[in-house]
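Okay, so here's the structure we're looking at.
The values are calculated or read from the model by the stated rules, or taken from the named source; none is laboratory data. Because the structure is a prediction, the values reported are computed rather than measured. All Cβ positions, even for glycine, are placed from backbone atoms using ideal geometry, and neighbour counts span all protein chains on display. These area figures cover heavy atoms from the full protein model, side chains too; ligands, DNA and RNA do not enter into them. Shrake-Rupley method; radii C 1.70, N 1.55, O 1.52, S 1.80 Å.
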Amino acid sequence: MLDLDLTQEIAALRSTFRDIRSVVDVDALQSEIERLSVLAGAPDLWDDTDNAQKVTSALSHRQSELARVKSIESRLDDLEVLIELANEAGDEESALESRAELESLQKTIGQLEVQTLLDGEWDDRPAVITIRAGAGGVDAADFAEMLMRMYLRWAEKHNYSAKVMDTSYAEEAGIKSATFEIDAPYAFGTLSVEAGTHRLVRMSPFGQAGKRQTSFAAVEVIPLMEEAGAIEIPENDIRVDVFRSSGPGGQSVNTTDSAVRLTHLPTGTVVSMQNEKSQIQNRAAAMRVLQSRLLLLQKEQEAAQKKELAGTITASWGDQMRSYVLAPYQMVKDLRTEHEVNNPSAVFDGDLDGFIAAGIKWRKQKQD
């Protein structure tokens, strides 16, 4: 007969989960879902497409958050039953299943616990990520594209919505820059710890054989603000340039000049969009990102906390926050949190949760 005793582990999980549940405030969450459901059920909801998308997205996020909490409650109850049945039947296979489920729950509850640390003003907003190739020539451009794929794969693994808004391809390989949106619960709060300079060390596939190459890429993360009246920008402060979208190798993708570049003259802030179908849609998307960047800049200036959220990132020596080393050894290490793994392939394939959790905890400690 088995004597599988996971009582202490389950008690610890239940204690952590009670704390999380109180922070999440399930009753308030259910009330918000009811309110949004009424709005989503209005017959004229889609008369205003932008507002409809905002309502349905908010409803989906709240429902997902509530479902996650209820799922954990159910899994904790089921785990205790599974352990009891395994002990009664003396079933080693059920015992292994119980231990595997315990480890899965520990990971899930740990991730949810980290999310409760996200209490910033814009932490619950979608995130707009911009990646720019830095020092390192063609290797840097290739690295920038690797980082873009890494974040898109992370979103895909979590079933989060990701939308590429603009891509500027490099001449030989990779990208000069890219901007994409990730819409998920607490996307900005979660991904903002990824902002900074990332450094890659590897045997260059583009240079002379046997030589290691160091290259850099900058990652900027800003919250995507509400569209209506986020910040007023006088028309005279904006220069609008229209150009033809480009694909890899500089080839034309569209037969019309539908891509749009907005330059905010007083600050020099530039936003380009080319992935929508029309010039009007690209301009609207670019304006929303420009408003978000300027509002963030305004808040930073008001609080005298320049560079705290998005900041100015130089993408070169002396400014790096994470190193990806592929030669002479294999390691990815965050220089702020000391979190490291020895499997760069998994990280580049979107396995970022450990780095993100460590970054959020590190930031919270700094704030406290």
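Could you state the principal axis extents of the C-alpha atoms in segment 36-162, from the largest down, to the nearest angstrom?
60, 53, 24
Simple spin-label model, 7 Å along Cα-to-Cβ: Asp91 to Arg239 in nm?
Once both label points are built, they end up 7.1 nm from each other.
Please state, as a whole number in µm²/s, the translational diffusion coefficient that the Stokes-Einstein equation yields for segment 143-195 at 37 °C and 0.692 mPa s, with Rh defined as the Kirkwood radius across alpha carbon pairs.
279 µm²/s
Positive end of the charge dipole of the chain (Lys, Arg +1 and Asp, Glu -1 on Cβ, about the Cα centre): tell me which of Trp46, Ala195, Ser22 has its Cα farthest that way.
My answer, from the dipole projection, is Ala195.
Over 24 Å between C-alpha atoms is what I'm after, so list which of Lys54/Lys107; Lys299/Lys333; Lys107/Lys364; Lys107/Lys299; Lys157/Lys333 land there.
Beyond 24 Å between Cα atoms: Lys54/Lys107; Lys299/Lys333; Lys107/Lys299.
Net charge near Val23, counting Lys/Arg +1 and Asp/Glu -1 over other residues with Cβ under 14 Å of its Cβ?
Values: positive: Arg18, Arg21, Arg68, Lys364; negative: Asp19, Asp25, Asp27, Glu65, Glu113, Asp119, Asp123, Asp124.
Surrounding charge for Val23 is -4.
By accessible area of protein heavy atoms, probe 1.4 Å, what ranking do Arg199, Arg322, Arg68, Arg132 get, highest first?
If we order Arg199, Arg322, Arg68, Arg132 from most to least accessible, we get Arg132, Arg68, Arg199, Arg322.
As a test, work out the antiparallel percent of DSSP beta bridges whose residues both lie in the chain, rounded to the nearest 5.
Here the antiparallel bridges make up roughly 90 percent for the chain.
Bin width 20 Å, alpha-carbon pairs only: give the P(r) of the chain as whole percents, running from 0 to the bin holding the largest distance.
Spelled out bin by bin, the chain gives 24, 53, 21, 2, 0 percent.
What are the membrane-span-like helices in the chain by this rule: whole DSSP H runs, Cα extent along the axis at least 24 Å, mean Kyte-Doolittle hydropathy at least 0.0?
Qualifying helices: 7-24.
Separation between the Ala28 and Ala67 pseudo-spin-labels, each 7 Å from Cα along Cα→Cβ, expressed in nm?
Simple spin-label model gives 2.3 nm for this pair.
At a threshold of 8 angstrom on Cα-Cα distance, excluding pairs fewer than six apart, so keeping six or more, what relative contact order does the chain reach in percent?
On the way: 625 pairs, mean separation 58.3, N = 368.
It comes to 16 percent, rounded to a whole number.
Rank these by accessible area, largest first, 1.4 Å probe: His158, His198.
Order by accessible area, largest first: His158, His198.
If contacts are Cα pairs under 8 angstrom and at least 6 residues apart, what is the relative contact order of segment 13-129 in percent?
Rounded, it is 31 percent for segment 13-129.
Amide H neighbours of Leu224 under 5 Å, at least 5 residues apart or on other chains, H built in the peptide plane: list them.
Ala127, Val128
How large is the Rg to Rh ratio of segment 1-87 when both quantities use alpha carbon positions and Rh follows Kirkwood? It would help to have the intermediate numbers written out before the result.
Numbers: Rg = 19.0 Å, Rh = 15.5 Å.
The Rg/Rh ratio comes out at 1.22.
Rounded to a whole number, what is D in µm²/s for segment 44-90 from Stokes-Einstein with the Kirkwood radius over alpha-carbon pairs (10 °C, 1.306 mPa s)?
118 µm²/s
What distance in nm separates the two pseudo spin-label positions at Lys366 and Tyr329, each 7 Å out from Cα along the beta-carbon direction?
Modelled inter-label distance: 2.6 nm.
Treating segment 118-219 as a set of equal point scatterers at the Cα positions, no solvent, please give the Debye-formula log₁₀ I(q)/I(0) at q = 0.20, 0.25 Å⁻¹.
For segment 118-219 at q = 0.20, 0.25 Å⁻¹, log10 I(q)/I(0) is -0.95, -1.25.
How large is the Rg to Rh ratio of segment 171-224 when both quantities use alpha carbon positions and Rh follows Kirkwood?
Computed over Cα atoms, the ratio is 1.11.
Name the long-range amide H neighbours of Leu352: under 5 Å, sequence gap of 5 or more, or other chain; modelled H, no Pro or chain starts.
Excluding prolines and chain starts, which carry no amide H, there are no hits.
Restricting to Cα pairs below 8 Å that are 6+ residues apart, what does the relative contact order work out to for segment 322-368? Please round to a whole percent. Could the numbers behind the result be given before it?
Numbers: 46 pairs, mean separation 12.9, N = 47.
Across segment 322-368, relative contact order equals 27 percent.
Once ligands and nucleic acids are excluded and a 1.4 Å probe is used, how much of Lys211 is accessible, expressed in Å² to the nearest 10?
120 Å²
At a temperature of 37 °C and a viscosity of 0.692 mPa s, determine how fast segment 77-130 diffuses translationally according to Stokes-Einstein, using the Kirkwood radius over alpha-carbon pairs as Rh; express D in µm²/s, rounded to the nearest whole number.
Translational diffusion coefficient: 238 µm²/s.
Find how many whole Å separate the alpha carbon centroid of segment 15-90 from the alpha carbon centroid of segment 114-142.
Using only Cα atoms, the two centres lie 27 Å from each other.
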